[in-house]
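The values are calculated or read from the model by the stated rules, or taken from the named source; none is laboratory data. None of the values given here were measured: they were computed from a predicted structure. Glycine gets a Cβ as well: all are built from the backbone with ideal geometry, and neighbour counts include every protein chain shown. The area values use the complete protein model at the heavy-atom level, side chains included, leaving out ligands, DNA and RNA. Shrake-Rupley method; radii C 1.70, N 1.55, O 1.52, S 1.80 Å.
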Amino acid sequence: MTPEEKKLLDNHVKEIAKILYKNAPPEKLETFEGIETAVRDQVLEHVNPKIAFFLSQKKQERIRGASEK
């Protein structure tokens, strides 16, 4: 990963964190355990499926590109 990509990723992660924080139950943000649980639950529900879908699309594009050669 290039330094530029790392910086871009960091910026996006901070923005995602702001959204997750805004939508986390306030009572979950009182302890480290609650924060960890709230983050994990939201990432599993909202972030991971979108990343998995994106990666599966890229794989299909690669497969189609290889079969066209």
Exercise. Cross-link partners among aspartates and glutamates for Lys58, C-alpha distance below 17 Å, same-chain residues fewer than 8 apart left out?
Worked result: Glu68
Exercise. Once you put a point 7 Å from the Cα of Met1 and another 7 Å from the Cα of Thr31, both along the Cβ direction, what distance in nm separates them?
Worked result: 3.1 nm
Problem set entry | Ordering of 15-24, 59-68 by packing [mean C-beta count within 10 Å, highest first] | 15-24, 59-68
For this session: Report the extension gain between Ala17 and Lys58 in nm, rounded to one decimal, defined as 0.36 nm multiplied by the number of residues separating them, less their alpha carbon distance.
Result: 12.2 nm
For this session: Please calculate the 1.4 Å probe accessible area of Thr2, with all protein chains present, and give it to the nearest 10 Å².
Result: 60 Å²
Seminar exercise, completed: With the chain reduced to its Cα atoms and the Debye formula applied, log10 I(q)/I(0) at q = 0.12, 0.14, 0.20, 0.28 1/Å amounts to -0.49, -0.62, -0.91, -1.13
Exercise. Counting only protein heavy atoms, what percent of the accessible surface of the chain is carbon or sulfur at a 1.4 Å probe?
Worked result: 61 percent
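Grab the DSSP H runs of the chain that are 4 residues or longer, score each as -39,500 (n - 2.57), total them, divide by all residues and round the 222 nm result to the nearest 500 deg cm²/dmol.
Working: 3 runs with 51 residues, N = 69.
Helices in the chain give a 222 nm mean residue ellipticity of -25000 deg cm²/dmol.
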Exercise. Once phi is turned into θ = phi - 60°, what whole-Hz ³J(HN,Hα) does the Karplus curve with 6.51, -1.76 and 1.60 give for every residue of segment 41-50, x standing for Gly and Pro?
Worked result: 4, 5, 5, 5, 7, 10, 8, 4, x, 5
